[in-house]
Amino acid sequence: MTKNIYLIALLIAACTAEQATYIHSLVPGGGISTAEITYLHEATGVGISGGLDLIESATPIVETTLEAKDIKVDHVPKGNYSVILKNESGTSTFTGIPEKFINMDADILFSRKVFEPFFPTEWEPMKGSDFTTLYIKSKRDNQIFYMKIVATATNNEMAKYSEDY
């Protein structure tokens, strides 16, 4: 009898459909009053140099303004994604974001030049520099998150940390 219950539970789990859309709650953090947000799928291809270069899709997955609001994001295929934040202070591009952090209900925080309270203490040397933060945190589990810090306008990665349990 117990084996039958486990078998039924396994079959139900196998037949469960993937979630089709996700809710991303945008949160403008400190240092940003207005901005345009774009999510793009990344791929590699032959670039100008003749070598493999990062190529972003021409059709954005998301295009919106940064304000405290919820947006719907359709399920994205396996791969890496870029999130671009653009405003009068410049453009910051966060590349190499795995799809698992796009395919979840999440709070999405953007900030500029703000040393956030959730940053690890070893990042303190960044204080006072011009950087932009992207913080993706699961709505269902606070232990699942993705943080990336880039130098504003140059997009050089300064720090990155993620947890996925």
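The values are calculated or read from the model by the stated rules, or taken from the named source; none is laboratory data. No experiment lies behind these values; they were computed from the predicted model shown. Ideal geometry is used to build each Cβ from the backbone, glycine not excepted, and the neighbour counts take in all protein chains shown. Quick note on the areas: whole protein, heavy atoms, side chains included, nothing else; ligands and nucleic acids left out. Shrake-Rupley method; radii C 1.70, N 1.55, O 1.52, S 1.80 Å.
In straight-distance terms, cross-link reach from K113 covers every one of the aspartates and glutamates whose alpha-carbon lies under 20 Å from its own, apart from those fewer than eight places away in the same chain; here that gives E36, E67, E88, E122, E124, D130, E157. Within straight-line reach of K100, meaning a Cα separation under 12 Å, sit the following aspartates and glutamates at least 8 residues removed in sequence or on another chain: E163, D164. For region 103-165, compute Rh as the Kirkwood radius over C-alpha pairs and then the Stokes-Einstein diffusion coefficient at 20 °C and 1.002 mPa s; write the answer in µm²/s, rounded to an integer. Rounded to a whole number, D works out at 176 µm²/s. The order of F145, F101, F118 by accessible area, most exposed first and with a 1.4 Å probe, is F118, F145, F101. Surface calculation, 1.4 Å probe, protein heavy atoms: Y161 sits at approximately 90 Å² accessible. Approximating the spin labels as points 7 Å out from Cα along Cα→Cβ, the S129-to-I23 distance works out to 3.7 nm. For H24, the shell of other residues with beta-carbons less than 9 Å away shows a net charge of -2, using +1 for Lys and Arg and -1 for Asp and Glu. Model label sites at K69 and E99, defined 7 Å from Cα along the beta-carbon direction, differ in position by 2.7 nm.
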